[in-house]
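Peer 1: Just passing along the structure, written as structure tokens.
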Amino acid sequence: MDYTRLFRPGILATRPYSPGKPIGEVQRELGLDSVIKLASNENPEGPLPSVVAAVRAAAAELNRYPDAACHDLGLALGADLGRDPSWLLFGNGCNEIIDMFIRALVSPGENVVFGHPSFIVYPLTCAVHFECGRPVPLRDDRHDLPAMACAVDGKTKLVIVCNPNNPTGTYNTAAEFHAFLADIPPEVIVLVDEAYVEFVTAPDYPRTLELLDAHPNLVINRTFSKIHSLAGLRVGYAVAHPGLIAELHKTREPFNVNALAQVAAIAALREKAETVARAARNREQLERLAAELAALGLEVTPSQANFLLVRVPGNATSVTRELLARGVIVRPMNAFGLGEGAIRISVGLPAENRRCLEALKEILA
């Protein structure tokens, strides 16, 4: 039977999301004992002991369904953000939040505007929802917000701004973002994806939480995967006007955030001092890694996230394979639309960063 005849054209034309290779897969394929992963923008420091303890305690009740409303997590995060829980929507990672908005808002013939290259899930999700994506090229590796505003028309339902942007690490300033919001019609939802916000040090980065009351069409999308080291449990959340959140709940899958994820996120929120310390350690390592890469003659894009976009001579896929052979996993950026010379390196622990640098020195030599 030819199953392809059953699917919509957008499904058939879409390639499945391809994540960074897991450590175990590389070990099996190449017969390596020691492998480090600097490919998926994960926090190299594991979950805190208090978080692990909370997960262990909750595991005894896995025979019960999780709290579908994420009540306790909503109270904890609402107190942290200074918002009533009615302003919050939780998802199985940021990816589900993005999918919920596109699925709920967009009908055939309507569109979603986003920057390109940016988070690869935007075009993938738009492709399977009526081929609704309208990508706008970056300018100097940054979102071209005026061009994105110009791309909005009467059929636009959603605009997505990744800030800081993945995979470039660049950001748009508060002044740029304020001007952009003023140019967007109030009936068009603006979703700003701030997965890496806790790593930002730029003083002119937009304070989006302060803009919510004046802009009812603004949505802030954040995650526990990065700074809180919970990528394996998948907890994302949106902050938006309660009226909008109430409608989005109609599209949310039942029990979409599992019980262990909820207790882990609550425990992580209690560790504010360590969260700040982890961000500072990551910034220190990022700056050191960027300087060492530049000293090798490589082009390094300044980053406000926990990763670096690096342009290498020749073919990035070949360099990535050479690094794999040395037990270092990074991510080539050709699938993101950045050409054959770009790779993305996540910031690791000090020893991991040194190993990556030594391997690159060998390859470049």
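Peer 1: Identify all residues within region 30-73 that are in a loop (DSSP other than H, G, I, E, B), among the hydrophobic types (A, V, I, L, M, F, W, C) and under 27 Å from the mean Cα position of the chain (by Cα); write none if there are none. Give the derivation first.
Peer 2: Keep residues of region 30-73 that are in a loop (DSSP other than H, G, I, E, B), which gives 31-35, 38-48, 62-70.
Narrowing the set further to residues that are among the hydrophobic types (A, V, I, L, M, F, W, C) leaves 32, 35, 38-39, 48, 62, 68-70.
Answer for region 30-73, where residues must be in a loop (DSSP other than H, G, I, E, B), among the hydrophobic types (A, V, I, L, M, F, W, C) and under 27 Å from the mean Cα position of the chain (by Cα): Val35, Leu38, Ala39, Leu48, Ala68, Ala69, Cys70.
Peer 1: OK, next. Based on what the data block shows, is Ser40 touching a residue at least 60 places away in the same chain (Cβ under 8 Å), polar (S, T, N, Q), surrounded by 15 or more Cβ atoms within 10 Å (Cβ to Cβ) and touching a Lys or Arg at 6+ places or on another chain (Cβ under 9 Å)? Can you show your working first?
Peer 2: On the way: touching a residue at least 60 places away in the same chain (Cβ under 8 Å): yes; polar (S, T, N, Q): yes; surrounded by 15 or more Cβ atoms within 10 Å (Cβ to Cβ): yes; touching a Lys or Arg at 6+ places or on another chain (Cβ under 9 Å): yes.
Yes, satisfied.
Peer 1: On to the next question. Taking helices (runs of 4 or more DSSP H) that do not extend beyond region 219-301, which have at least 1 residues that are surrounded by 21 or more Cβ atoms within 10 Å (Cβ to Cβ) and in contact with a helix residue (DSSP H, G or I) (Cβ under 8 Å, 6 or more places away or on another chain)?
Peer 2: Numbers: elements: 242-248, 259-269, 272-295.
Fully inside region 219-301 and qualifying: 259-269, 272-295.
Peer 1: Under the condition of being among the polar types (S, T, N, Q) and either more than 30 Å from Lys37 (Cβ to Cβ) or modelled with pLDDT under 95 (or both), which residue from region 201-218 is surrounded by the most Cβ atoms within 10 Å (Cβ to Cβ)? Even if it seems obvious, please write down each step before you answer.
Peer 2: Here is the first cut: in region 201-218, the residues among the polar types (S, T, N, Q) are 201, 208, 217.
Checking the rest, the ones that are also either more than 30 Å from Lys37 (Cβ to Cβ) or modelled with pLDDT under 95 (or both) come to 208, 217.
Numbers: Thr208: 22, Asn217: 19.
Among those that are among the polar types (S, T, N, Q) and either more than 30 Å from Lys37 (Cβ to Cβ) or modelled with pLDDT under 95 (or both), it is Thr208.
Peer 1: From the list Leu357, Leu324, Leu309, exactly one residue is part of a strand (DSSP E or B) and not assigned by TED's automatic domain parsing to the domain that holds Phe114. Which is it? Before the answer, list the steps.
Peer 2: Values: Leu357 fails: part of a strand (DSSP E or B); Leu324 fails: part of a strand (DSSP E or B).
So the residue among Leu357, Leu324, Leu309 that is part of a strand (DSSP E or B) and not assigned by TED's automatic domain parsing to the domain that holds Phe114 is Leu309.
Peer 1: So, of the residues in region 103-116 that are surrounded by fewer than 24 Cβ atoms within 10 Å (Cβ to Cβ) and either among the β-branched types (Val, Ile, Thr) or within 17 Å of the chain's Cα centre (by Cα) (or both), which turns out to be farthest from Asp193 (Cα to Cα)?
Peer 2: We begin by selecting, within region 103-116, every residue surrounded by fewer than 24 Cβ atoms within 10 Å (Cβ to Cβ); these are 103-111, 116.
Subsequent filtering for residues that are either among the β-branched types (Val, Ile, Thr) or within 17 Å of the chain's Cα centre (by Cα) (or both) retains 106, 116.
Working: Val106: 18, His116: 14 Å.
Checking each candidate, the answer is Val106.
Peer 1: Quick one: in region 122-137, which of the residues that are buried (at least 21 other Cβ atoms within 10 Å of the Cβ) and of a type in the set (Val, Ile, Thr) is nearest to Leu12 (Cα to Cα)?
Peer 2: Among them, the one singled out is Thr125.
Peer 1: Pick out the one residue from Ala195, Ala174 that is modelled with pLDDT of 95 or more, in contact with a Pro (Cβ under 6 Å, 6 or more places away or on another chain) and within 18 Å of Ile220 (Cα to Cα). Break it down into steps so the answer makes sense when it comes.
Peer 2: Working: Ala195 fails: in contact with a Pro (Cβ under 6 Å, 6 or more places away or on another chain).
Within the list Ala195, Ala174, the selection yields Ala174.
Peer 1: Could you grab the pairs with beta carbons closer than 9 Å, sequence gap of 6+ or different chains, first residue in region 241-254 and farther than 18 Å from Gly82 by Cβ, second one buried (at least 17 other Cβ atoms within 10 Å of the Cβ) and of a type in the set (Phe, Trp, Tyr)?
Peer 2: Hits for this filter: Leu248/Phe101; Thr251/Phe101; Arg252/Phe90.
Peer 1: Still on this structure: Return the pairs, sorted by first residue and then second, in which the second residue is among the hydrophobic types (A, V, I, L, M, F, W, C) and surrounded by 22 or more Cβ atoms within 10 Å (Cβ to Cβ), the first residue lies in region 305-322 and is under 25 Å from Glu194 (Cβ atoms) and without any contact (Cβ under 8 Å) to a residue 60 or more places away in the chain, the beta carbons are less than 8 Å apart, and the residues are 6+ apart or on different chains.
Peer 2: Val310/Ala342; Val310/Ile343; Val310/Ile345
Peer 1: Select, from Cys150, Cys162, the only residue that is at pLDDT 95 or above and crowded, with 19+ Cβ neighbours inside 10 Å. So that I can check it myself, show each step before the final result.
Peer 2: Numbers: Cys150 fails: crowded, with 19+ Cβ neighbours inside 10 Å.
The match here is Cys162.
The values are calculated or read from the model by the stated rules, or taken from the named source; none is laboratory data. Just so it is clear, the structure is predicted and the values come from calculations on it, not from any experiment. Ideal geometry is used to build each Cβ from the backbone, glycine not excepted, and the neighbour counts take in all protein chains shown.
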